[in-house]
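Remarks on the structure that follows.
The values are calculated or read from the model by the stated rules, or taken from the named source; none is laboratory data. Model, not experiment: these values are computed from the prediction. For neighbour counting, all protein chains shown are included, and Cβ atoms are generated from backbone atoms with ideal geometry for every residue, glycine included.
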Amino acid sequence: MTKKQRLLAAIRHKPVDRLPTTFRANKYLAELLMRRFGFEDPKDFARNQKSFLDRLPADFWSSGTKPDRFSTFSPRYTGPPPQPPYIDDGTSFHKIGIHSRPARMPGYDIEYPLVGVDPPLAAARSPADIRPGFLLDRLELFDFHHLVNPYREVQPEKLRDSEEDLVNLGTLSSLFMICSYLRGMEAFLMDLCSDRKMAERITGAVVDFVLEFNRRELAAMKGQAAYYGTWDDVAGQEGLLFSPALFRRYFLPAYRKLIDNVHAHGLFFGWHCCGAVHEVLPLMIEAGIDVFDVAQTSARDMGLENLHRLYGRDVCLHGTMDVQKDLVQKSPQDIRAVVRRVKELWGLAGGIILAPTHETLPDTPVENLLALYDEALKP
């Protein structure tokens, strides 16, 4: 099977010749691996990515939410750049008025955007303080006739039939997170629990924007994409950040519409959520998600056996190799044992894409990643 055939078969729960795999890591660790493999310019991930994947070996280089980060497209942004002290967050949140500031990771030469600072709706005291259509107006800042790839000069139709590329979409579709960044996390959680009118005004504005952005984005792609990936971290290590009833009221109906529209255009829908999500994952599976990402096995009751027992027949998992504890703390032999356990549970029947559960952390031993992908290749 080709890389693409293998991954798509797994999503469809069809037999595979071996487990499909994706690589994802922060820039620091990716560069370490590039140097170890002797790449001339270890910082040029886009140019090196296919040779790098062959050396690792893995099928695709995933972003946080999509199987193939280098084949991801979004509409061209024509609006103004962020003004200091704010920065481009590297995704698209700044394009809808969400602020980010630069931050550095202690102990490593890593700069990253701290997203959601100085929330623009933080001062609102009532729904009347939030202008109707404040997000929908920003649709005019996007040129949906020109879909761009941030890593290389290529059009989606050039990659559609490639067996080494999987065209991805899914920009600005994180319903809860957009609300939280606009309002501030604590304030928005309080709105959900105690101020229904404010919660309805904020979620209504975000839902209207996301669904219309999604409609235009999918129409512009004209059937060239295979996968739509989004993320919404509605859970923490121990469980949901708010009640399942609030999820059903404010977010699930919009997700149903989003998923239905994605499926109507012939794409798979992947939903990325960290943490212990048992209280809402069945709702999202019933709504039609095809892939659950990240399957964080270190969260409460999210162990491999439990995930396989509860969801193995109903949704394809992308992840299961825990970046929080296992890949950082365990030995290469332990990592190989986890991979073998995944194989025992899922076999070659599909339904699993083996990968780190998020971008691997900078203190992850390189030997553990090498052990992961080497063991995945073994029969």
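Close contacts from segment 67-82, counting a first residue that is within 25 Å of His272 (Cβ to Cβ) and a second that is charged (D, E, K, R) and at pLDDT below 95, with Cβ to Cβ under 8 Å and a gap of 6+ residues or different chains, come to Phe70/Arg152. Over 25 Å from Ser63 (Cα atoms), among the β-branched types (Val, Ile, Thr) and either part of a strand (DSSP E or B) or at pLDDT 95 or above (or both), is that true of Thr230? Criteria not met by Thr230. Checking Ala349, Ala245, Ala254, Ala276 one by one, the residue that is aliphatic (A, V, I, L, M), over 28 Å from Leu189 (Cα atoms) and modelled with pLDDT of 95 or more is Ala349 and no other. Within segment 28-49, being among the charged types (D, E, K, R), in a loop (DSSP other than H, G, I, E, B) and farther than 15 Å from Trp61 by Cβ holds for Glu40, Asp41. Taken over segment 261-286, residues that are outside any loop (DSSP other than H, G, I, E, B), under 21 Å from Ala9 (Cα atoms) and out of contact with any strand residue (DSSP E or B) (no Cβ under 9 Å at 6 or more places or on another chain) amount to 2. Entry remark, segment 60-86: residues being in a loop (DSSP other than H, G, I, E, B), within 17 Å of the chain's Cα centre (by Cα) and not aromatic (Phe, Trp, Tyr) number 7 in total. Among the residues of segment 150-179, those identified as within 18 Å of Thr2 (Cα to Cα) and either hydroxyl-bearing (Ser, Thr, Tyr) or in a loop (DSSP other than H, G, I, E, B) (or both) are Arg160, Asp161, Ser162, Glu163, Glu164, Asp165, Leu166, Val167. Just one of (1) in contact (Cβ under 8 Å) with a residue 40 or more places away in the chain; (2) buried (at least 20 other Cβ atoms within 10 Å of the Cβ); (3) closer than 21 Å to Leu240 by Cα fails for Leu372. It is (3).
Residue count for segment 95-130 under the criterion of being surrounded by fewer than 14 Cβ atoms within 10 Å (Cβ to Cβ), of a type in the set (Lys, Arg) and modelled with pLDDT of 95 or more: the result is 1. Mind checking which pairs have a first residue in segment 230-242 that is more than 16 Å from Thr357 (Cα to Cα) and a second that is assigned to a loop (DSSP other than H, G, I, E, B) and basic (Lys, Arg), Cβ under 8 Å, 6 or more apart or different chains? What qualifies is Glu238/Arg300; Gly239/Arg300.
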